[in-house]
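**Student:** For reference, the structure I am asking about is given below.
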Number of protein chains: 2
Amino acid sequence: MGLQDILLSLLREPMSGTELIHFFRGTIHHFWQTDLSQIYRALEALDREGYVRAESMPSSKGPARKEYRLTKKGRTRLAGWLRQKAVVPPHKFEYLAKIFSVTADAHPRKRALELMRSMRGEVIDAVVQLEAIEHLMSATPGFPNDMPANMFYPWLTLHHGLMRRRALLEWIDESIVRIERRSSEADNAGESGCPADLQRMLEDYRAETEPFSQESHRS
Amino acid sequence: MGLQDILLSLLREPMSGTELIHFFRGTIHHFWQTDLSQIYRALEALDREGYVRAESMPSSKGPARKEYRLTKKGRTRLAGWLRQKAVVPPHKFEYLAKIFSVTADAHPRKRALELMRSMRGEVIDAVVQLEAIEHLMSATPGFPNDMPANMFYPWLTLHHGLMRRRALLEWIDESIVRIERRSSEADNAGESGCPADLQRMLEDYRAETEPFSQESHRS
DNA sequence: ACTTAGTATATGCAAATGCATATACTGAAA
DNA sequence: TTTCAGTATATGCATTTGCATATACTAAGT
């Protein structure tokens, strides 16, 4: 239900769906990707359950705008949400999966470099976008640490996006160098199978932690 | 269908579901979280569509193990997958959403610090785990850059996990300092609403890029 | 013999996701 | 005056998730 809470947090002043969608871009969207159909659905659910109240405002352009306004109940929920912890999210990073198994390819080094470079392009585009926004914000008095709270905290999240992507870029560039410096033999010789050594190596480790172990469900 | 491809990439030597699950932990799991039910489902689909062939091996302990073996078709698919680009994945980082809107709380500074510290604990745990695995790998001859290819590329992905999380930690620690240094007035005074300035500021930006815009679907 | 623990493979299901498409209304262009 | 482009809100639907639970078989304890 994360999206619902996020919408509540943005509705401290009444807004319509489209306004929320616009606000998302350039702010929340950098750490919470979603699409407009989900926003409208979430708003409908919030309205249905009484966290917001929708008010139709006839619009001069297009169909009636619906303005959403926080209710008492919504404010309570928002306060509770802010007090709760969250979790650092998992991800599904397909690029890494390919690099992990790149020895399944006939030309591991070439393939790995291709993957790295393609990733690099994507990340740079994202960094450029974030930098553009940060540049807009840098005109604010007190930038960054002494900006008004309602600019400062959003900036922190933007800055996170930048640091995270710059770290990724750094890893990519380091990795490209590492790969280029490896001898051709190292990449092409050896068993091309799954790293059996690694597998053995991990047996000890496995004993200690347990991601998806089948919890005994009777007790 | 990412998981299916990943499983193919691990099946360069035949394995059973449980073996794959074990291998996942400590390697793939750090950048591709999933659970065992999904692995079995994916294996079933791969078998049904002829990418792998399952072979039941009566086991001395428990029910018959099913060994999955790549077919020609599977090998072809794997090769194709490795040649394709991927995308840097989106994420849903609820912590950041809370920090973004922390001014909705009565005590933004206090709340923000709580969130940061709770996040910090999580990240440190993850770093410790990854470091333990890297330490195991560090015994390999040639570590890191001249290890055999089937250790080197997996290590790259592990190292990515470490760098990414260390960057997050760095951001958290920087942010804690920034927040602590802000004057109390800065955090509590000012309008507590949504950052209207930010909203205005983003209007220009919006013109240029377009995340979820409603593409005109006739043309 | 009978329960319990352990291993291995699966199923059920509600919710979330992503993407395409529909509806509805306005103002301007052809 | 019909068509088009734009704005705003929604619906449809197949797929993917996450989590809980089921099934099936073995080996040991008691």
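**Student:** The conditions are (1) within 12 Å of DNA strand D (Cβ to nearest atom); (2) more than 30 Å from residue A:126 (Cβ to Cβ); (3) not aromatic (Phe, Trp, Tyr), and residue B:90 fails exactly one of them. Which is it?
**Tutor:** In the conditions (1) within 12 Å of DNA strand D (Cβ to nearest atom); (2) more than 30 Å from residue A:126 (Cβ to Cβ); (3) not aromatic (Phe, Trp, Tyr), residue B:90 misses (2) alone.
**Student:** Only one of A:54, A:97, A:42 is in contact with a Leu (Cβ under 7 Å, 6 or more places away or on another chain) and among the hydrophobic types (A, V, I, L, M, F, W, C). Can you tell me which? Spell out the reasoning first.
**Tutor:** Working: A:54 fails: in contact with a Leu (Cβ under 7 Å, 6 or more places away or on another chain); A:97 fails: in contact with a Leu (Cβ under 7 Å, 6 or more places away or on another chain).
When all the criteria are applied, what remains is A:42.
Residues checked against (1) touching a strand residue (DSSP E or B) at 6+ places or on another chain (Cβ under 8 Å); (2) charged (D, E, K, R):
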residue: A:69; (1), (2): yes, yes
residue: A:99; (1), (2): no, no
residue: A:118; (1), (2): no, no
residue: A:124; (1), (2): no, no
residue: A:131; (1), (2): no, yes
residue: A:134; (1), (2): no, yes
residue: A:139; (1), (2): no, no
residue: A:143; (1), (2): no, no
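**Student:** Looking at residue B:41, is it within 9 Å of DNA strand D (Cβ to nearest atom) and at pLDDT 95 or above? Can you show your working first?
**Tutor:** Values: within 9 Å of DNA strand D (Cβ to nearest atom): yes; at pLDDT 95 or above: yes.
Answer is yes for this residue.
**Student:** Hey, another quick one. May I ask you to list the residues in the stretch A:1-39 that are more than 20 Å from residue B:197 (Cα to Cα) and out of contact with any Leu (no Cβ under 8 Å at 6 or more places or on another chain)?
**Tutor:** In the first step, residues of the stretch A:1-39 are kept if they are more than 20 Å from residue B:197 (Cα to Cα); the result is A:1-5, A:31-39.
If the condition is that a residue be more than 20 Å from residue B:197 (Cα to Cα) and out of contact with any Leu (no Cβ under 8 Å at 6 or more places or on another chain), then A:1, A:2, A:3, A:33, A:35, A:36, A:37 are the ones that fit.
**Student:** Can you run down the residue pairs with Cβ atoms below 8 Å, 6 or more apart or on separate chains, where the first is in the stretch B:13-37 and farther than 23 Å from residue A:88 by Cα and within 8 Å of DNA strand C (Cβ to nearest atom) and the partner is among the acidic types (Asp, Glu) and outside any helix (DSSP H, G or I)?
**Tutor:** Short answer, once both residue conditions are applied: B:16/B:67.
**Student:** Let me ask another. Quick check, is residue B:169 at pLDDT 95 or above, in contact with a helix residue (DSSP H, G or I) (Cβ under 9 Å, 6 or more places away or on another chain) and either under 29 Å from residue A:26 (Cβ atoms) or basic (Lys, Arg) (or both)?
**Tutor:** Details: at pLDDT 95 or above: yes; in contact with a helix residue (DSSP H, G or I) (Cβ under 9 Å, 6 or more places away or on another chain): yes; either under 29 Å from residue A:26 (Cβ atoms) or basic (Lys, Arg) (or both): yes.
Answer is yes for this residue.
**Student:** Among the residues of the stretch B:1-22, which ones are more than 13 Å from DNA strand D (Cβ to nearest atom) and facing chain A (nearest Cβ under 9 Å)?
**Tutor:** As a first pass, look at the stretch B:1-22 and keep what is more than 13 Å from DNA strand D (Cβ to nearest atom): B:8-16, B:19-20, B:22.
B:8, B:9, B:10, B:11, B:12, B:13, B:15, B:19, B:22 - these are the residues of the stretch B:1-22 that are more than 13 Å from DNA strand D (Cβ to nearest atom) and facing chain A (nearest Cβ under 9 Å).
**Student:** Among the residues that make up the stretch A:36-46, is at least one of them among the basic types (Lys, Arg), under 29 Å from residue B:115 (Cα atoms) and either assigned to a loop (DSSP other than H, G, I, E, B) or in the same structural domain as residue A:127 (by TED's automatic domain parsing) (or both)? Give the steps one after another, and end with the answer.
**Tutor:** Looking only at the stretch A:36-46, we keep the residues that are among the basic types (Lys, Arg), and these are A:41.
Within this subset, residues satisfying the condition of being under 29 Å from residue B:115 (Cα atoms) are A:41.
Still in the running and either assigned to a loop (DSSP other than H, G, I, E, B) or in the same structural domain as residue A:127 (by TED's automatic domain parsing) (or both): none.
For the stretch A:36-46, residues among the basic types (Lys, Arg), under 29 Å from residue B:115 (Cα atoms) and either assigned to a loop (DSSP other than H, G, I, E, B) or in the same structural domain as residue A:127 (by TED's automatic domain parsing) (or both): absent.
**Student:** When you scan the stretch A:53-70, do you find a residue that is within 7 Å of another protein chain (Cβ to nearest Cβ), at pLDDT 95 or above and not in a loop (DSSP other than H, G, I, E, B), even just one? Working first, answer last.
**Tutor:** Step one: filter the stretch A:53-70 for residues within 7 Å of another protein chain (Cβ to nearest Cβ), giving none.
No, the conditions are met nowhere in the stretch A:53-70.
**Student:** Next up: When both residues are 6+ apart or on different chains and their Cβ atoms are under 9 Å apart, which pairs have a first residue that lies in the stretch A:139-168 and is touching a residue at least 40 places away in the same chain (Cβ under 8 Å) and closer than 27 Å to residue A:122 by Cβ, and a second that is crowded, with 18+ Cβ neighbours inside 10 Å and among the basic types (Lys, Arg)?
**Tutor:** A:168/B:164
**Student:** Could you grab me the full set of residues in the stretch A:24-65 that are of a type in the set (Ser, Thr, Tyr) and surrounded by fewer than 16 Cβ atoms within 10 Å (Cβ to Cβ)? Before you say what the answer is, go through the steps one by one.
**Tutor:** So in the stretch A:24-65, the residues of a type in the set (Ser, Thr, Tyr) come out as A:27, A:34, A:37, A:40, A:51, A:56, A:59-60.
Within the stretch A:24-65, A:37, A:40, A:56, A:59, A:60 meet the criteria.
The values are calculated or read from the model by the stated rules, or taken from the named source; none is laboratory data. None of the values given here were measured: they were computed from a predicted structure. Here the Cβ is made from the backbone with ideal geometry for all residues, glycine too, and neighbour counts use every protein chain on show.
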